[in-house]
Each structure stands twice: as C-alpha cells, then as structure tokens.
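Down below is the structure, laid out as structure tokens.
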Amino acid sequence: MNLTADQWQQLSAWFDEAAALPAAERGAVLARAQAASPELAERLQRMLAELPRDDATLIAPVDAAPAFQAQLAQALAQDAEAPPVAAGDRFGAWRLVRLLGEGGMGEVWLAERADGLYEGQAAVKLLRGDLAGPGLAARFARERALLGRLSHPGIARLLDAGEQQGRAFLVLEHVVGTTLSEHVRAQALGLNARVRLLLAVARAVEHAHAQLIVHRDLKPSNVMVHESGTTKLLDFGIAGLLDDSGAQTDHQLTQLAGRRLTPAYAAPEQIRGGAIGIAADVYSLGVMLYELASGHLPFGSASSSRTALEHAVLHTQAPRITRSATGAEVDPPQNGPGRPPDAARARGDLEAVAAKAMRKEPGERYASVGALILDLQRWLDQRPVSVRAEDWRHRTHLWMRRNAALVTGGVLVLATLSVGLGVSLHQRQLAQQAASDAEAVSSFMTELLESASPDRHGGQPPSLLQLLESKRAELPTRFEGQPQVKDKVLATLTATYLGMNRFDIALPLAEQRLASARQHWGEDAPQTQDAQLGLARLLVIQDNSRQVIALLEPLLPKLRARLGPDHEQTVSARQVLLMAYAGRGRFAESEALFLEERASARRRFKPDHYSYHYNAQYLFVLRSEQGRLTEAEQLMAELARHGHLANERQQRFVRVTDRNLAQVQWRLLMDNAQQAQARALAAGQRMDALLGRGNDLHGSLLSALADHLWQLDEPAAALAHLLRWQQDQRAVGAAPHSFGGVVREMAILAARARAGQALEAQEVEAGLQALDSQALVTSHRRAEGLLHLATASLCGLPPAQGQPLLARLLEALDAPGLITLPQWQARAEHVRALVAARQGSTQAALEAARRASRLLADLPEPQGLATYAAHLHLASALQAAGAPATEVQAALARADAARPARLDQAMAGRQHPLDQWRQQGAAGEPPAGF
C-alpha cells in the first residue's frame, strides 16, 4: 500500500510517540493505531521492530484486538528462537570480542581474525535474530552487495560477508577515532581546518555516487576522525542504488520514518517521502557545512522535537551562517562541533555555498557533490566561488519579477554595450598571454640547443641526456610567475625522459608538475587534473597500482562530468585505473571500467581502425590477473590478427601485443624451447628496430622467455638470454633505471644459481640493498625481485649462508599490501615451505605448502606448471609430516589433474624433472629450482 501524505504524517506521529517509550510500554500506542487503521498499525509494528531493544519483551495491552495479539505473540516467538550471541562466537574467519553497539538491523561487535592467516580487528555487524525473516535477510544481502562496491580510503571497507546458522553478517573495517563534531570541538579547529575535513568526507561521498550509491544519512556522527586527521565515512547500511526501483515499501518507510532518518540533516524530499537521489546527500553536506561554520544547526536545535524539526526543514528558511553564529542562542549544543574561533570568515562566499547546497528543491542545489567540492576548494584557495553571484541572483529574483518591465529595458541596453567590449578585452588578454608563454618556451629551448656546443663539454659533443640535465637543474627557480610555461616545460621533459626509460628522472618531474599545478590553480583545475593523469600513467607502468588508484579514483568522475566519457583524458584515466584495479585484485571494478571503455571505443572508432580492437589489451590485463589464462591468450591472439590495421604511431602497441601473446602462451607451455627462442629473436628484432637497442619492452620479453625456459628445465639457456639483455644495456650505456631493470638484475642472480653456479652471500646482499634503494620498484614487481633473490639463496648458497638472508627476504615479502593476488601469494608460500623444510620445520613446511596449493586451486584454471608443482610439493610435505596415505594420494591426484596437457609437447621428447619426481611419489627432495 502506498501511503498518502496524511497517512504518513499519522504514522510518523505514532512512531515518534512509541519510539520515545520503553519497548514494554509501546503496546498502548500500537493498540490505538490498530483501532484507527489496521494497515498502518501493521506498518508501525514493523518499524518499531527495527529499533534497538531495551529488553527482550513486547507486551500487548489487554484490550488489543485478537489478530493484533497474535501478531505480537509471533514477534515474541521469533525473538525467543533467535540464537544468543556472545564473546568468543565465530562468524567466518572472525571471533567476536565485545559488543560495540546495537543498531536498527542488528548488533555491531568488535572481532579479531581467528583463522591464523593474519592478525587484525574488524567490526562484525549481525542481523538481529528476531528480524531474520526472508524479507529482512534479503535487505541485509542487498546492504552487503552495496558495501562491496565501495572502495575508498575515506569509507569504512567491507572485509567479508556471509551467513551462518541462519544469521547474516558483514565484516567491516573497525574505525578508531572520534566523531567529526567531537574532533573539531576538542581541537577548537578554525574554519579552514573544518572545511578541509568536510572536503574529505565529500570526496568519499562522491566516490559512492560514482558507484550509484546514495548514503541518505550523512551527519557528523557518521564521520570518524582518526588522531592523524584522516576521516572515515560510516554506515552505508541504508544506502540505495540510484537505478534500483525494487526497494520494498516497508524498507522505504523505515528509512523515512524510522531512526535511520535524522530530521536535522535530512533533505526535504526525504521528509516528504519523495524520490531520493544524490541531491539528498548534497543537502546533508550543506547542513554539515552550516553546522561546522556556525556551531548551530540551520533548523531547530538539539532539543527540538522530531515534528518541529521536520516542519522547520520543510517550511522555514535558515538564517545566514554569520547570523546563526552570533544569534540569540549563545551556547552551541554540547554535542555539536562548537563555534569556530573565526566564524566571521564564513560571511559571503561560504554562506552562499551552504545556501546553494540547502535549497528546498533538489534541482536548485549543486548538480553533484563534485560541484560542491569545487566551490569549497575555491573558498580555501581564496578564489571566487561559482555560486556567489548565483546566490545574489536568487535573493534578487523576487524583486526582478515585481519590476519586470524596468529590468528588461535596462538589461537590453547594458547587454548591447558590454558584450562586444568584454569579448574584445578577453581575446586580447588571451592573445597576449599566449604570446608571452610561447616566447618563454622558445627562449628555454634556444638555450638548450645553444648549450650543445662541444666547447662547453670538454670538447666532446654532449648527449641528449647531458643537455637535458643541464637545464633540468634550473627548473625549481625558472619561470617564476609563469605557471603555464612551467607546466608545459615539465610535461615535455617528463615525456622525454620517459621515452628514454629514465623513470628515475621522469617520476620526480611528474610529481613536481602536479605540485606546481596544485599551488597555482588548485586541486580541481584542468591543469591539475592533467598533471594527475600524467603522473598516474607513469605509476601504472611501474606497477604502483595503489598510488594510481589514489590519484585517479576521485579524478575519473570529474573528467566524465567535465569532458564527457569519450574525451581523450577521460579515456586515458579509465584505462589506467582499470589496470590498477586489476593489479590490486579489485576485479569487479576493473570489469565495470572495461565495459565502459569498450563501449566508448565502439563509439569513437570503426571496425577497420586498430584502436577499435586494441582495448582488448586492458581485458587481457584483467583476465591475466584473475588467473583466466586461456581467455587471456585468446584475446591476444585475436588482437594480433588485427595488427595490420595499426598506423605508424601505433606500432609500439603492436609490439606490446607480441610480448603479451608470447608471455601468456609460454605460461600455457604452447612453445617448446627451440620455438620460443626463435620467436623471441624475431620479436626482439622488431622491438629494437622500433625502439632502439636495450629497450625495456625487449627486456620484458626476454624475462618472460627466461621464465619459460626455466619451466622447460633449460636453466643455461634462460641465463644466456638474460645476460644478452644485460649486455645490450651496457652497450648503449644504460643503467638499470627502468621499473623492470633492477628486477631483471635479480633474475640474473636466480638464473645463475639455477644453472648450477655458486654465488657469494655478498651478491645476494647487494641485490637486496639495490632493491631496497629503488623507490620505483613497488608492489608485485618488488615481490618478484625478492622471490628471485630467495631462489638465488636457496639454489646458490650453502644453508648456513642462505638462511639469514632468506629470513630477511621472507620478512620483506610479508610487508602489508605488497602482494594482493593469489598467484603471487602462492609463490611466496612455496618459498616459505622450501625454507621451512630446509630448516627441518616439518609442520611449518606443510602449512605453507597447504596454503600454496589452496591458493592456486582456488583460481579459475590451473596456472601452467606452477599448479602442478604446488600440488606435488604438498604431497611431499604431507609424507614428511607423516600424514595418512589417503591425504598424500589426494594431493597426487590433484597434481595429476593439474598437469599441463602440453607439457610433453613442450619438452620435445625429454622427461620433465617434476614428472620424474611424480613417478617417485613426490618423495624426498624436490627437483632444484622447482
């Protein structure tokens, strides 16, 4: 039944009255509602059931109708059947520690990780046992799905979810800190600091809106501030999808009339029961801004009744912030943020921003949270806000309507005189600025070329790198007062150094450009956004996906809004972000961006254009990280067939496709050693012809070839190809500054050890120090280097020398956030098992082997030789630990099922060492290097 406005008002009044009473005393209100309207009484009963209980009873009055008595008895029965929850109970991998609080849909407990994988705490939210009906369980599942789509540093994360013994639960990030109001009051923060905190909250809300999720209950108590000053937005439990039209009426009523709606912060349309969209969150942010700036709520006070607050929100206008801050109510609410010491600074622009956000009609507010963020940032940067003039127009609108004839005549005359003059002056200013910028750039380039004279470099013609370095030193002090020129020069130099594989120089230049843009134009200026994107492009090449996400996650929605989904910058940001998501294991978000990217490519290009097909590269990255190797191979094989469509500027992309196709086919053992080496030789020659000798793309191809040759028990050939890359690097005078260069140096150490060469402990120690000194090597690329060093220690050093180094390497691999994908986690566990076995720690070796085997078994398909080897290692560890023969045989059976079908063909008639070991039942030492 859809409620009319009168029915809703009546239901709201009953709810207010009953909610203020203890649960045992609510029966009289329910009885009156039953006599007046059985339908409304039934709704009221469900709404009250979502309130926290102050005891376990619900008493019906003696004169209640029999049907109503039966309903109450049923509620009591459901409550009695709910299994009790206590500290020590386990939900999934989490053990309850203590109750933190109780909300409308259940309890929130502090919990600790109980499965031993790692130590950590979380907040576990449980659906109340007396509410565990089918409808409410579905709503709880919907809440779980919503939270799973949110991933932002300013939003409490979803860690786990499930159902146990008929009780649904969510495991959420446990946020430690104080509420927003408590924090600003305790610190006596000024207006600037308060606005910055609200900006952080708004950016988190903007992220949620980009996922089509509305919070609906933004307020200071839902914002926690850590002692470091970072904010976390809580409680998306009542959030709704913008495109979701299937919410149940009872759920909508609970959101509107229940405790989940906070009238002081709720938008008018929420109170009226109207449609709710992003404008409701914009309104709530406006109220929070008003309260932070004045110390008071815009409507009513903390002591106002619910009805009085709702009436004020719907029918009154808020006083200006500065009037509220100095008004009759001298003392602000004790639980509020308190008045900032510099509240008078809110006069004018900040008042206009708050007024715009709190307009009664949703269509008159900011069109998005991003637009509100822009104005708040402008205020912080002491630049004019976009709505100041609009606020003045809004105040004068009624006067203009009353004097329409007078206004029209004056406006026409003024417009005719001013338009031409304004356009002419603006064009002249632009032309003068462009000429000045061009002259400055020309002067810089002239100086750069003139410095190429040999007499300035000891009689020797300088290299390009020497020329660039001589001018790069001037950048910190050059172009003062010319930010546009400095931005262009920094962008050009960054691209130049990137083309030279000098990531060690390109990255600081890109960071310098972004800092300069933020200083001169603010966070959300087009120049700053372009600099953010340029830095992110560099970082994704280096596998620094965490920082890429931090840069692009808030930027992409702004680019969509400002430039559209098909603009070059939007496209680039989307491509880079989806690869970063894949690298962190955030596959659903990566998949969503790929679908958006593919649709954009279909709009921008025709099927005879190479770019129409090239977006398959991004899906290849995602499928590879997911472990879906067969599909990844099919994607690259299909893209390779369209290589003839590429123009001259796209040849680099064709060569990348060659590398990626070879890499995935080698992982699937689709070439034998002779075929793989011939293929690598031909592809490498094409890469060198395009990019020059010693280029990083060719280096990554040779790394993939070495991995493949190791799989085929050809360690000497693998080492030879890596040494060839090293020789190419030295021949062109290149140092290992690229993101992969240092890692390949570590691979050479591992290859030497696998080829039977004895190493010195100092070599591995130097390799670790070199890896630690390279800030460019992060995430899985750093893990790869550490694993190469571990292989070198295991295969090339005596145990007495290798053990201390291995302990340090394993500790480095345990760094938080270093490894996120199960394939890499399995490699680390494999090393851990080998180290433990060498130390005689049989049980530790078994546990690590189990983890490695399980991680790979859980992937969508076997990962080539790695899965086969992991199951064989588990069988060996089980035998060493004295496990039952049935367990050993089960592990061997899993190994047989995962054995690559192409292994015999790839070995070209030779028997693989793992097969020999399998014939022995995986007993004794495993083959060296596997």
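Values in this text are rule-based calculations from the coordinates and carry no lab data. Quick caveat: nothing in here was measured; it's all calculated off a predicted structure. Cβ sites come from the backbone with ideal geometry, for glycine too, and all protein chains shown count toward neighbours.
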### Query
Hey, got the dipole for segment 540-625? About the Cα centre, +1 on K and R Cβ, -1 on D and E Cβ, debye to the nearest 20?
200 debye
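To the nearest 0.05, how large is the calculated FRET efficiency for residue 688 and residue 608 if R₀ is 22 Å and r is the Cβ-Cβ distance?
0.15
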### Query
What is the extension gain from residue 731 to residue 381, computed as 0.36 nm multiplied by their sequence separation minus the C-alpha to C-alpha distance, in nm to one decimal?
120.9 nm
#### Entry: Computed lengthening from residue 905 to residue 317, 0.36 nm per intervening residue step minus Cα-Cα distance
203.7 nm
#### Entry: Binned Cα-Cα distance frequencies in segment 735-820 - 10 Å width, integer %
20, 54, 25, 1
### Task
Putting +1 on Lys and Arg Cβ atoms and -1 on Asp and Glu Cβ atoms, find which of 870, 916, 831 reaches farthest to the positive end of the dipole of segment 823-919.
831
### Message
For a Förster distance of 60 Å, can you work out the FRET efficiency between the beta-carbons of residue 675 and residue 342, rounded to the nearest 0.05?
### Response
0.25
## Note on the structure
Residues whose built amide H sits under 5 Å from the amide H of residue 106, excluding neighbours closer than 5 in sequence, are 128
### Query
Using 0.36 nm per residue, how much length does the chain from residue 99 to residue 861 gain when fully extended, once their Cα-Cα distance is taken away?
270.2 nm
### Query
Most exposed first by the Cβ proxy, i.e. fewest other Cβ within 10 Å, how do 276, 321 rank?
276, 321
### Task
Note down the magnitude of the dipole of segment 823-919 about its Cα centre, charges +1 on Lys and Arg C-beta and -1 on Asp and Glu C-beta and zero elsewhere, to the nearest 20 debye.
200 debye
## Note on the structure
The percentage of Cα-Cα pairs in segment 823-919 separated by more than 18 Å is 44 percent
### Query
For 778, 886, 307, what's the fewest-to-most ordering of other Cβ within 10 Å of each Cβ?
886, 307, 778
### Message
Starting from the 7 Å offset along Cα-to-Cβ, what nm value, one decimal, do you get for the label separation of residue 546 and residue 920?
### Response
4.1 nm
### Query
What ranking, highest mean first, results for peptides 634-646, 608-620 when packing means the other Cβ atoms within 10 Å averaged over each residue?
608-620, 634-646
### Query
Could you give the nm distance between label points at residue 650 and residue 775, where each point is 7 Å from its Cα heading toward the beta carbon?
3.8 nm
### Message
Taking the alpha-carbon distance from residue 488 and a cut-off under 19 Å, which lysines remain once sequence neighbours fewer than 8 residues away in the same chain are dropped?
### Response
471
### Task
Assign unit charges at the C-beta atoms only (+1 for Lys and Arg, -1 for Asp and Glu), then state the dipole size of segment 735-820 relative to its Cα centre in Debye, rounded to the nearest 20.
220 debye
### Message
Between residue 112 and residue 221, what is the label-point separation in nm under the 7 Å Cα-to-beta-carbon projection?
### Response
3.0 nm
### Rounded Å value of the spacing that divides the Cα centres of segment 524-583 and segment 647-708
28 Å
### Per-residue Cβ neighbour rank within 10 angstrom, fewest leading, 511, 25
25, 511
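Compute the semi-axes of the equivalent ellipsoid of segment 590-688, taking the square root of 5 times each eigenvalue of the Cα gyration tensor, and list them largest first in whole Å.
Working: eigenvalues 117, 65, 16 Å².
Working from the Cα gyration tensor, I get semi-axes of 24, 18, 9 Å.
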### Query
How high is the FRET efficiency from residue 165 to residue 37, r the C-beta distance, R0 60 Å, rounded to 0.05?
0.95
